[in-house]
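Every number in this text was worked out from the coordinates using simple rules, so none of it is lab data. This is a predicted model, so every value here is computed, not measured. Cβ atoms come from the backbone with ideal geometry, glycine included; neighbour counts cover every protein chain shown.
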Amino acid sequence: MKDTVTNVVVAGLGGQGVLRGTDILAEVALRAGFDVKKSEIKGMSQRGGSVTGDVRFGRRVFSPMVPVGEADFLLVLEATQVTPNQHLLRAGGVLITPDAIKIEELPNKKALNVALLGALSAHLPMSEALWLEALREAFDERFFEGNKEAFALGRAAEAARIKGQAGGG
């Protein structure tokens, strides 16, 4: 099991699924055997305002808040939220934005959060099976197939991007 703590910040606007996304990520990390801590800042979420959620996991985690400048991953559901949250990302950290996927390929526009979790999953040590179990639990059964498709789309897009970077492309 990883000795260091992995820090993930999910940012977006109220109603985009930031909190659901952090719940799913925390559940997957827990199922993988990590110690997990999670926190949320809702702000004006009911009016479409900024929302962030922190998820920290590793062998032993003591605080739920990701310290400024220490996020390994910043997953942003709304492009306008990159600038206000970029200070949370560590040097060399990974920024995942909506342009990581082709939104028009999503089975449902509301599945953007799940597609971006798919992109994030390409960087994390948890199996795809654990992600799919958590997705099945997080949503009503009638939405599972669409969310599964969105997750796969994001995961494949990010895996291709990582491969392209590794190949010098």
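Here are the numbers for the structure shown:
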{"item": "Separation in nanometres of the label points that stand 7 Å from Cα toward Cβ, at Arg20 and Gln86", "result": "2.9 nm"}
{"item": "Helical mean residue ellipticity (222 nm; -39500 (n - 2.57) per DSSP H run of 4+; nearest 500) of the chain", "result": "-11500 deg cm²/dmol"}
{"item": "Calculated FRET efficiency for the pair Ala159/Leu30, C-beta based, R₀ 30 Å, to 0.05", "result": "0.80"}
{"item": "Calculated FRET value between Glu105 and Phe62, using beta carbons and R₀ = 45 Å, to 0.05", "result": "0.65"}
{"item": "Mean Kyte hydropathy of 0.5 or more with a Cα span along the axis of at least 18 Å, helices from DSSP in the chain", "result": "18-31"}
{"item": "Count of Lys pairs (Cα-Cα under 29 Å; at least 8 positions apart or interchain) in the chain", "result": "23"}
{"item": "Check: the range 37-169 dipole with +1 on Lys, Arg Cβ and -1 on Asp, Glu Cβ, in debye", "result": "340 debye"}
{"item": "Mean separation of Cα contacts under 8 Å (6+ apart) over length of the range 72-169, as relative contact order %", "result": "30 percent"}
{"item": "The chain, relative contact order [Cα under 8 Å, separation at least 6], %", "result": "22 percent"}
